[in-house]
Amino acid sequence: MDSQKEALQRIISTLANKNDEIQNFIDTLNQTLKGVQENSSNILSELDEEFDSLYSILDEVKESMINSIKQEQARKSQELQSQLSQCNNALENSEELLEFATRSLDIKEPEEFSKSDNGFSFPPFFETKVPKAPEIDPVECLVADNSVTVAWRMPEEDNKIDHFILEYRKTNFDGLPRVKDERCWEIIDNIKGTEYTLSGLKFDSKYMNFRVRACNKAVAGECSDPVTLETKALNFSLDNSSSHLNLRVEDTCVEWDPTGGKGQESKIKGKENKGSAHVTSLKKHTRSGTPSPKRTSIGSRPPAVRGSRDRFTGESYTVLGDTAIESGQHYWEVKAQKDCKSYSVGVAYKTLGKFDQLGKTNTSWCIHVNNWLQNTFAAKHNNKVKALDVTVPERIGVFCDFDGGQLSFYDANSKQLLYSFKTKFTQPVLPGFMVWCGGLSLNTGMQVPSAVRTLQKSENGMTGSASSLNNITQ
């Protein structure tokens, strides 16, 4: 009896142990199932984000291609319309010449053939003289707001003039145009008046050459004496050689890169496999959730040479421009990606430390936009903050008057003044940018807009003066 009880006790103990093992296995299965479900949800979420980023990239590429096609269509249409007009004029002249020749064949007597009063007249283009060269009046020409208005006049009245042809080209040489220049002449045909305005230009050269010629129905005259107008503006790119390793930089675009410097290092080591590097770059764009404004490979441009300073590091997330401002008045614009979490726009001395953040030192001035956790918009200098009670614009215009010691920020669309620092620059300054979780694109080669010049005269000293910075709270 006792032996049976002992055997039964062992069986019960074994069953209890097995029951615990089964329960533990069930718990493990439940945890595994929960993990699989969570991992599946995370993978699906990441997949959705990746496809959203890919769609965003494709939309940007599509928009860029559409704009390029439309611009090319407009340019080709203008060229073809000009050619069509010239061909129609040539056809009219040819028909008149053919009629004249046919009538001439009907003349029987040589004497009558040579007479001028034989009953018929020469076609108009035989009677019309070649138009004289127009004269461009430099005093009447206007360069403003990235537009150029060219005005000219005829040396004497000529009622046979049908239209004018304006030719222009950009150059970095002062004075008369050189025979061998770096750019070809651009042509605008069929201008009916004696002035023309070229608008929406990027002033990426110091000067522009202009010349005009007059045309009647039959022939075009000689070109006017060329005139050179100054179109100088600040052109700069971002300095990739010293930018923070968490930033991807190309020319005038910068984008936050959470993978740090790994992307740039892999490009240096993997140049022999360009196709693979391109795929890797594309994946990094999509994972960041903030597609770059440009879809080209980052870092393909040779790094700018601006001394041997170290790269920005820590939490600075900073990149500077590659061109220093030492005098004069300058203007540029900045546009942030819609989902950018945090960014700053301003200027800094070259001595800005590699750990420093814009606006937190006495060597930098900026306005800062924060869209993470809470939305804030503020001006910053020397670690002091001034909250701005205005709406963050789509594009920010930056005006720097080095000699006057003024740095102002504007809504680039409405030209509303956002904030203005009044100081005295003791060193050359560089355009400065900070970006986190997003990207910025720049527009340079711009003149100071006329509206900004006018506002500067009326607002100077009224907003954001140096003395008011002492009262800014941290």
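What to note about this one:
- Nearby aspartates and glutamates by direct alpha-carbon distance to residue 202 (threshold 12 angstrom, same-chain neighbours under 8 apart not counted): 145
- Remark: accessible surface ordering of 400, 223 (largest first) is 223, 400, probe radius 1.4 Å.
- Qualifying aspartates and glutamates (Cα of each under 14 Å from Cα of residue 192; at least 8 residues distant if same chain): 158, 162
- By a 1.4 Å probe calculation restricted to protein chains, residue 52 has an accessible surface near 100 Å², given to the nearest 10.
- Greater than 20 Å apart at Cα, pairs in 132/160; 132/217; 76/335; 232/338; 335/424: 76/335; 232/338; 335/424
- Of 173, 409, the residue with the largest accessible area leads and the full order is 173, 409 (1.4 Å probe).
- FRET efficiency, 1/(1 + (r/R0)^6) with R0 45 Å, evaluated for residue 55 and residue 230 via beta carbons: 0.50
- The stretch 182-237 and the stretch 15-59 have Cα centres lying 66 Å from one another.
- Neighbourhood net charge (13 Å Cβ-Cβ; Lys/Arg +1, Asp/Glu -1) for residue 197: -3
The values are calculated or read from the model by the stated rules, or taken from the named source; none is laboratory data. As the structure is a prediction and not an experimental result, all values here were calculated from the model. Note: ideal-geometry Cβ built from the backbone for every residue, glycine included; neighbour counts use all protein chains shown. We work out accessible area using only protein heavy atoms, side chains counted, and drop any ligands, DNA or RNA first. Shrake-Rupley method; radii C 1.70, N 1.55, O 1.52, S 1.80 Å.
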